[in-house]
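J.: Below you will find the structure I want to go over with you.
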Amino acid sequence: MTAGWFLSLLLIPLAWLLIDGIGGLRARHSAASAVGTDEFHDFAVLVPIYGNIKYLENVDYLARYGRRVVLCTTTGESPEFEEALSWIARRHDFRIFRALADNSSTPGNKRATGGTVRDTVIRAVLPTIDEAYVVCLDADTTTSQPLEILVGALRRRGLDLASIRLVPSNRHKSLLTRFQAHEYRLAMKLRVIAPWLVSGACHAARTPALHGVMNNHSMFFQGNDVETGVLAGAMGLRVGHVPFEVPTRVPETLKDWWRQHLAWAGGEFRLFVINAHVGFRHPFFWCYGLVVTLAMLPLRLLALGQGHVGVIGGVIALYVVLSAYLHWSHRDYALLLMPFYAAFISIVMVPLGLVSYVLMAHRGRNAGLIRLPDARSAAPPGELVDTGPRSALEYR
């Protein structure tokens, strides 16, 4: 038995099955609390919107919340953007909050995958919110149930911050979206045992709690949502998972998928490598991300280079069986090809995370270093001005 054959026999199954299997198996056998039916109405909905008004896709959904909606933007928007935003706010009785933020890195023709604008406007608006709770909601995100139910669940369980469950709404569009549906489902299962894996698309919190967290935030975009959960835990706040389902659209083209996953890879590198010093608080997940996913990459490449068809075929078969077990109630033909999808991410996207991180850190002049709370920074200065009946509140 050669050393190469031994590596192929041991390390391919160990690395690939651990990457997607162990967390899912642990989560599958962990109970998740029900959402419940309690409602609580003392909350504000914070919606970051900047760069281009076309990104505000959920206006009709937000209309039901009226004055509780705060459209969070910057002072550096175009006159056309300002006119459109003000018209929407007047029509639906929304509030507008304008933060002093540099929006030069988020041109209007594409969404931002780096930079600090989103977190800057959220951090800046929090001191002005009088409501007891806040729900941070992306401008293209809606929910299947009323937000009153989500906030009611937080209040009933005494939580300071909660992650939710994202569900791809276009999962049947193509093979690519089916892959992502299984990918998302596994990620959402992990939140049962790791509730601090919050999503930027939607999360809820007590207003003072999130204010304290954001004052300690590194303001690095990719991984910013998970950093919020990590900081909340480090501050002794109660972080939990509420299985409140939020539909989200996943990329339908390879170009959009590549852009999203490349940015995610950079965020994961930032969290697991650059901030390995916080790993002791969540040793299982930092071992999963740093050791299994990243450190074992050369061994996976070495094992693949040996080219033992029988061993690789066995690993694929085991992966399919594991996937079928984890996703049995949502099984489809895409599960047969999931090993190849997972292998591509593991072999190609993981090493590109270093490049993605370096580019984002350089553009933002921010290394994304998480400093565990010991002192709080101040939010940007400004004043809240009421511009009249049925008009917006503006931050000038």
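The values are calculated or read from the model by the stated rules, or taken from the named source; none is laboratory data. For clarity, every value in this text was computed on a predicted model and none was experimentally measured. All Cβ positions, even for glycine, are placed from backbone atoms using ideal geometry, and neighbour counts span all protein chains on display. Keep in mind that these areas ignore ligands, DNA and RNA; they rest on the heavy atoms of the full protein, side chains included. Shrake-Rupley method; radii C 1.70, N 1.55, O 1.52, S 1.80 Å.
J.: With a 1.4 Å probe and every protein chain kept in, tell me what percent of the accessible surface of segment 140-218 is carbon plus sulfur. It would help to have the intermediate numbers written out before the result.
T.: Working: 1170 of 2340 Å².
The C+S portion of the solvent-accessible surface of segment 140-218 is 50 percent.
J.: By accessible area of protein heavy atoms, probe 1.4 Å, what ranking do R178, R91, R365, R206 get, highest first?
T.: Details: R178 45, R91 145, R365 210, R206 80 Å².
Accessible-area ranking of R178, R91, R365, R206, largest first: R365, R91, R206, R178.
J.: A follow-up question, please. Keeping all protein chains in the complex and leaving out DNA, RNA and ligands, what accessible area do you get for S329 with a 1.4 Å probe, in Å² to the nearest 10?
T.: Spelled out: S329, probe radius 1.4 Å, area about 100 Å².
J.: D60 to L318: extension gain in nm, 0.36 nm per residue of separation minus the Cα-Cα distance? Walk me through the intermediate numbers first.
T.: Working: separation 258, 0.36 × 258 = 92.88 nm, distance 4.58 nm.
That pair, D60 and L318, stretches by 88.3 nm at full extension.
J.: First select every other residue whose beta carbon is under 13 angstrom from the beta carbon of A334; then total the charges, Lys and Arg +1, Asp and Glu -1.
T.: Numbers: positive: R171, K173, R178, R185, R331; negative: E183, D332.
My count for the surroundings of A334 gives +3.
J.: Can you tally the net charge around H261? Count Lys and Arg as +1, Asp and Glu as -1, for every other residue whose Cβ sits under 13 Å from the Cβ of H261. Could you put the intermediate results ahead of the total?
T.: Details: positive: K255, R259; negative: E183, D256, E268.
The answer is -1.
J.: Still on this model: Ordering R363, R185, R270 by accessible area with a probe of 1.4 Å, largest first, what comes out? Walk me through the intermediate numbers first.
T.: Working: R363 150, R185 45, R270 0 Å².
Result of the area sort, largest leading: R363, R185, R270.
J.: If you count only protein heavy atoms and use a 1.4 Å probe, how large is the accessible surface of K173, to the nearest 10 Å²?
T.: Its accessible surface works out to 130 Å², give or take rounding.
J.: Sticking with this structure for a sec: All other residues with a Cβ under 10 Å from the Cβ of T141 taken together, and with Lys, Arg as +1 and Asp, Glu as -1, what is their net charge? Provide the component values of the computation, followed by the final result.
T.: Working: positive: R249; negative: E57, D138, D140.
That sum, taken over residues with Cβ under 10 Å, equals -2.
J.: Subtract the Cα-Cα distance of T75 and L297 from 0.36 nm times their separation in residues, and report this length gain in nm to one decimal. Don't jump to the answer; show the numbers that get you there.
T.: Numbers: separation 222, 0.36 × 222 = 79.92 nm, distance 4.43 nm.
Going from the current span to full extension adds 75.5 nm.
J.: Could you rank E227, E39 by how accessible they are, 1.4 Å probe, largest area first?
T.: Order by accessible area, largest first: E39, E227.
J.: Can you pull the accessible area of H277 for me, 1.4 Å probe, Å² to the nearest 10?
T.: Its heavy atoms expose roughly 80 Å² to the probe.
J.: Rounded to the nearest whole Å², what accessible area per residue is found for segment 172-261 with the 1.4 Å probe?
T.: On the way: 3000 Å² over 90 residues.
It amounts to 33 Å² per residue over segment 172-261.
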